[in-house]
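Heads up: the structure comes next, in structure tokens.
The values are calculated or read from the model by the stated rules, or taken from the named source; none is laboratory data. As the structure is a prediction and not an experimental result, all values here were calculated from the model. When we count neighbours, we look across all protein chains shown, and the Cβ atoms used for this are built from the backbone with ideal geometry, even at glycine. Calculation scope for accessible area: heavy atoms of the full protein, side chains included, ligands and nucleic acids excluded. Shrake-Rupley method; radii C 1.70, N 1.55, O 1.52, S 1.80 Å.
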Amino acid sequence: MTVPVFEEYAPAADCGCPGCAQRRRTAAALPVRHGGHPAAHGARRALVLVTAAGVVLSCGAGQAAATAAGRDARGGAVTDPQPVTPQGTVGPLNNGGSSGPPSAPDTAPRTTTRTEIINRAKKWVTAKVPYDMGAYWSDGYRQDCSGFVSMAWNLGSNEWTGSLATFGTKIARADLEPGDILLFHNLADPAVGSHVTVFGGWTDHTHSHYLAYEQTRPNARVATTPMAYWSNSSKYVAYRYKGIVSGAGGSGSATAFPGAGKFGPGADNAHVTRLGQLLIAQGGKRFYKEGAGPRWSDADKRATQAFQLAQGWKGKEADGIPGPGTWSLLVKGTGHRIPAAGTGGAVAYPGKSFFRPGQSNSHVEQLGDRLVKKGYGTHYVTGPGPRWTEADRRNVQAFQRAQGWSGSAADGYPGPETWRRLFA
């Protein structure tokens, strides 16, 4: 539409309307530059405000028109309005390959395996690709949450939260497997809260937390996340990419847990060898002097326990004998790696009950020492001790906020993920 032409207008000095009276009061407090009249300055400011309002209204009209008449260029279906933030619009890859325009929804999708999806996601996490909805990484994908999923799913285009669902099939959360996504598209206002993560696997047997690969500020990350996300949890929908094929890391028999009877003292079989190989791949090489073998050994138990502790498990869940959960994370390569020797990362999370007002124990002191070592001990006056204090809570909260968390996720009380990151 044509932008209207505005003329400067200086109101009469004796105009008694509330607006002019307010402008005169404001102008009286403004410095006069180069002999100019304060009233003229007020009028110009009013003109700028009116012009800006007109631009906003015109943008809103354009957005409304797009909503009413918006048609997906690929399929002709009515779509949601494209967001201004926090992600870019649908488009081809940028300099990373000549993908051409986005494919139509009924076009056969590119095929990929679950392992390939997770491995692509890990590349961005390892490279710490910075979040930037206006930038593109070297592979051509946009550096925001939907660009991240477009990359992980190996789509031939950069999508957004309003279009990713067309490339997947809706599934129940209970059926989630590594490589699936959890998507929240805020239809009412796409720029507010819309987000998407790549599901990396369950991190506990209750399925209350999972490993989320995501592109978020300040950069791509992988983190244990409450199902389905920190905010708007109930609004996330699970989707499975239509191009998923069986293969390494897929849902075939290669990932099936062979049974607890295959492991433990006296066991001698190929499953023990594979367990050792998987543990070595996850950072457990230091436990094996001669490499993985078919006969169960103390090295297998200690490496398995170190892996379980790295997930934040304790008690029977970290007894050194692999169960279905341990096996699933290992064969899919989606669990937390075994930390290097001496990093303290294998320190098991003792449980939230130890960190509450009135509690006094060695875990509180251990936590305090770690906070100081990490540079988050500013609230201690006399140094950390075994009794839980407000200083402990405030230091933990400072650490949690430094992770980008807020609300209940940054309440100052350490949970499994706070503990894991502190001792990593």
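A few points about this structure:
- Criterion (buried (at least 22 other Cβ atoms within 10 Å of the Cβ) and closer than 25 Å to Gln305 by Cα) met by exactly one of Thr203, Thr224, Thr197, Thr161: Thr203
- Put simply, of Tyr229, Tyr136, Tyr239 the only residue that is touching a Lys or Arg at 6+ places or on another chain (Cβ under 8 Å), closer than 26 Å to Gly335 by Cβ and of a type in the set (Phe, Trp, Tyr) is Tyr239.
- From the options Arg217, Arg240, residue that is touching a helix residue (DSSP H, G or I) at 6+ places or on another chain (Cβ under 9 Å) and basic (Lys, Arg): Arg240
- Filtering the range 164-194 to residues that are surrounded by 19 or more Cβ atoms within 10 Å (Cβ to Cβ), among the aliphatic types (A, V, I, L, M) and in a strand (DSSP E or B) leaves Ile181, Leu182, Leu183.
- Cβ separations smaller than 7 Å between residues 6+ apart or across chains give the following pairs from the range 135-158 residues that are free of Cβ contacts under 8 Å to residues at least 60 places away in the same chain and among the polar types (S, T, N, Q) to residues that are open to solvent by less than 10 Å² (accessible area, probe 1.4 Å) and not in a helix (DSSP H, G or I): Ser146/Gln87; Ser146/Glu159; Ser146/Trp160; Ser146/Thr161; Ser146/Val196; Ser150/Ser157; Ser150/Asn158; Ser150/Glu159.
- Tabulated pairs, the range 325-336, first free of Cβ contacts under 8 Å to residues at least 24 places away in the same chain, second buried (at least 22 other Cβ atoms within 10 Å of the Cβ), C-beta under 7 angstrom, 6+ apart or interchain: Thr326/Thr304; Thr326/Phe307; Thr326/Gln308
- Whenever a residue of the range 397-424 is on the phi > 0 side of the Ramachandran plot, its partners that are of a type outside the set (A, V, I, L, M) and assigned to a helix (DSSP H, G or I), lying with C-beta atoms within less than 9 angstrom and at least six residues away or across chains, give the pairs Gly412/Glu390; Gly412/Asp392; Gly412/Arg393; Gly412/Arg394; Gly412/Asn395; Gly412/Gln397; Gly412/Gln400.
- Of the residues making up the range 245-268, those that are at pLDDT 60 or above, among the hydrophobic types (A, V, I, L, M, F, W, C) and surrounded by 15 or more Cβ atoms within 10 Å (Cβ to Cβ) are Phe257, Phe263, Ala267.
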